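In what follows, a single structure is set out as structure tokens and then discussed.
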Amino acid sequence: MVWRKWFVRGVVFTIVGLCAAIAVLYQRFTNPAAVRQQVLAKLQTHFPGATASIDSARLRILGGISVSELRLVRNDDPDKTEILHVPSAVIYHDKQKMPGELCVRKMELLRPRLRAERRADGTWNLQGLTGALQPNLPLPTITIVEGTIVLEDRSTEGDVRSLELTKVELTLVNDPMATVAIEGSAFSDVAGQVRLRGQWQRQSHVVELTITAQQIALAGIGAGRLEKLCPNLAGLQVAGRADLQAALKYRPDESEPLVYSAQFTVTGATLTHPKLPLPLEDVHLTA
């Protein structure tokens, strides 16, 4: 009878131990402070060249981790200017991985704002943020909703040239392993709705992109931009629509890393200029 008592006690102790372990794991993965710390640790692993901060991170009832006010700044930036600001994001954990390890399967970034700056020496503020890439490990799927991308060029003396893209809808999918497919759209005050499609080769770092924009409004472009390129065009007014098709390829190992081609097609436009006796109407142009 003694062995029965010890057997029962052993079963009871085992059940109690399992319950305690489950309680500890549950506390760890549902405690907002613990979840926030895990997210920060994962961000620091992926972005060793930057300092990441978030206001809060909590588990959602329907799955995933809800993150608020995510920010990234460069470690070597004395001004601590934000490179990325994400008011709200959802991180989905890969459930097939071992418990206790936060392995990101998918990220949804809601209303993010990214500032990409080209410096005077030709480098970009995004360089050196990420750690060494591991092409043998899959990257999480990234979805951007209602994003904003600000591009600033400070590589030449004078005024800073900038371009802001709004309403950014972008998806990056790592399938197959060596390729990241890129597809999305954005809105520009100059080109209107712009569509983007391409891919990034993770091993060679080659990027290929196709950019298309249709029904670009030409009104105001002549007065605002063409005069800066050619002062003799002062007073030129253009009205009409145009389409743009561009192909870009970035090969970092080549002597000329950036290669691109573009076709600009104007149909049914009207041009007026003080030196023209009459307006030029129904202009068709392909450049």
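Worth a mention:
- Among the candidates L129, L72, L62, the residue that is in a loop (DSSP other than H, G, I, E, B) and either in contact with a strand residue (DSSP E or B) (Cβ under 7 Å, 6 or more places away or on another chain) or modelled with pLDDT of 90 or more (or both) is uniquely L129.
- Qualifying residue in the stretch 105-112 (condition: buried (at least 17 other Cβ atoms within 10 Å of the Cβ) and in a loop (DSSP other than H, G, I, E, B)): yes
- Looking only at the stretch 104-126, residues that are at pLDDT 80 or above and polar (S, T, N, Q) come to 1 in all.
- For the stretch 229-241, the criterion of a residue being among the small types (G, A, S), surrounded by 15 or more Cβ atoms within 10 Å (Cβ to Cβ) and touching a residue at least 40 places away in the same chain (Cβ under 8 Å) is satisfied by at least one position.
- Residues of the stretch 270-280 that are part of a strand (DSSP E or B) and in contact (Cβ under 8 Å) with a residue 12 or more places away in the chain: T270, L271, T272.
- From the options T141, T166, residue that is among the β-branched types (V, I, T) and over 18 Å from R195 (Cβ atoms): T141
- Of the residues making up the stretch 186-204, one or more are touching a helix residue (DSSP H, G or I) at 6+ places or on another chain (Cβ under 8 Å) and aliphatic (A, V, I, L, M).
The values are calculated or read from the model by the stated rules, or taken from the named source; none is laboratory data. Bear in mind that the values here come from a model prediction, so they are computed numbers and not experimental data. We place every Cβ from the backbone using ideal geometry, glycine too, and count neighbours over all the protein chains shown.
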